[in-house]
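The values are calculated or read from the model by the stated rules, or taken from the named source; none is laboratory data. Given the structure is predicted, the values throughout are model-derived calculations rather than measurements. When we count neighbours, we look across all protein chains shown, and the Cβ atoms used for this are built from the backbone with ideal geometry, even at glycine.
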Amino acid sequence: MGSEKQPEKIFPLGYEPDDIPVSDNPNIRNQLLDFILTSGPTEVVDTDLFAVMAKRRSTRKFSDKPVETTKVDKIIAAADTAPTAGNFQGFEVFYIKSPKIKKLLVEACNKQPYVDAPVVLVFCKNPSRVKFDFPDDILKKFAIQDATLAAGYSQLAAQALGLSSIWIGMFDEQKVMDAIETDLVPSSVLCIGYPEQTKFAKPRRNLKDLVHVKW
Ligand SMILES: Cc1cc2nc3c(=O)[nH]c(=O)nc-3n(C[C@H](O)[C@H](O)[C@H](O)COP(=O)(O)O)c2cc1C
C-alpha cells in the first residue's frame, strides 16, 4: 500500500502550473506543455505574431499588478517551444520568486532597480545537456544560443499576453550564480510585468543597411 509508486512530478516544488491535465500520462509526449500552451482562460492580447513583434518595447517601469500564474505558465512554456541544438535543450530557467534573491539580482545586475520586477526569469546555459561529440567550445556556443533563443520566445510570449519586459544582459555572472545558487552560467535575466505605460517603437536601421545581399 504505502509502497505504491507516486507519479513523477513534472514541475518543481514551489512552482505548479495553474492548471494541469487531468491525467498525467508520461507516455503522452509534451502533454503538460501542450496543455499549458492551448489552455484558457488566459487573456491573450495579441495572436498576430508580427503585431506582437512590432509592439514589443523594453519596459523599465512595471506596475504593482501581479502577473497571473496562467500567464507565467505560458511564458515558461513558450521558452520550452524554442528550437535547441540537437533538441538537447541546453538551457535552464530559474523562476525567481524570492524577494531576497531579487534584491541580490539587482546588485548582480549593476544595480538596475527594475530587476526587482513582478516576474524574474534567469536563463542559464547548460552545455552538459548538449550530447554532441563536439569540442567544449562548440557545446558552449550551442548552449548560449539555446538559452538566448528560449528567452526571446518568452519575451514575445509576455508581449502577446499584454505584459512587457526588459532583457538584462549587463550583469556579473558570478554574482548571479551566487544569488541563485547554481554552477550554470547565466545568459540573460528577463524581467516581466504589466507596464506602467505603453511606448512607441524605437527607431531601427533601414533594412537596406541591415541586410547584406550577396549575389
Ligand atoms: C543582449 C541584450 C542585453 C541587454 N541588456 C540590458 C541591460 O542590462 N539593461 C537594460 O536596461 N536593457 C538591456 N537591454 C535592452 C535594450 O536596451 C533594448 O532592447 C534596446 O534599447 C532596444 O529597445 P526596445 O527593446 O524597446 O526595442 C538589453 C538587450 C539585449 C538584447
Complete set of residues in the stretch 157-171 that are within 11 Å of Thr47 (Cα to Cα) and within 12 Å of the ligand (Cβ to nearest atom): Gln159
Hits in the stretch 141-150 (condition: touching a Ser or Thr at 6+ places or on another chain (Cβ under 7 Å) and crowded, with 24+ Cβ neighbours inside 10 Å): Asp146, Ala147
The one condition in (1) in a helix (DSSP H, G or I); (2) of a type in the set (Ser, Thr, Tyr); (3) over 13 Å from Val119 (Cα atoms) that Thr81 fails to fulfil: (1)
Among the candidates Lys55, Lys5, residue that is at pLDDT 90 or above and either over 21 Å from Ser164 (Cα atoms) or surrounded by 14 or more Cβ atoms within 10 Å (Cβ to Cβ) (or both): Lys55
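Regarding Gly193, is this residue more than 16 Å from the ligand (Cβ to nearest atom), within 25 Å of Met53 (Cβ to Cβ) and not hydroxyl-bearing (Ser, Thr, Tyr)?
Working: more than 16 Å from the ligand (Cβ to nearest atom): no; within 25 Å of Met53 (Cβ to Cβ): yes; not hydroxyl-bearing (Ser, Thr, Tyr): yes.
Spelling it out, it is not the case that Gly193 is more than 16 Å from the ligand (Cβ to nearest atom), within 25 Å of Met53 (Cβ to Cβ) and not hydroxyl-bearing (Ser, Thr, Tyr).
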Tabulated pairs, the stretch 195-208, first of a type in the set (D, E, K, R), second surrounded by 10 or more Cβ atoms within 10 Å (Cβ to Cβ) and outside any helix (DSSP H, G or I), C-beta under 8 angstrom, 6+ apart or interchain: Glu196/Thr59; Glu196/Lys61; Glu196/Phe62; Glu196/Ser63; Lys199/Arg57; Lys199/Thr59; Lys202/Arg57
Failed item, numbered, when Cys124 is tested on (1) part of a helix (DSSP H, G or I); (2) within 20 Å of Glu173 (Cα to Cα); (3) not charged (D, E, K, R): (1)
Lone unmet requirement of (1) at negative phi; (2) surrounded by 14 or more Cβ atoms within 10 Å (Cβ to Cβ); (3) in a loop (DSSP other than H, G, I, E, B); (4) away from the ligand (no atom under 16 Å from the Cβ) for Arg60: (4)
Only listed residue being surrounded by 16 or more Cβ atoms within 10 Å (Cβ to Cβ), in contact with an Asp or Glu (Cβ under 7 Å, 6 or more places away or on another chain) and farther than 15 Å from Ala85 by Cα, chosen from Ala117, Ala108: Ala108
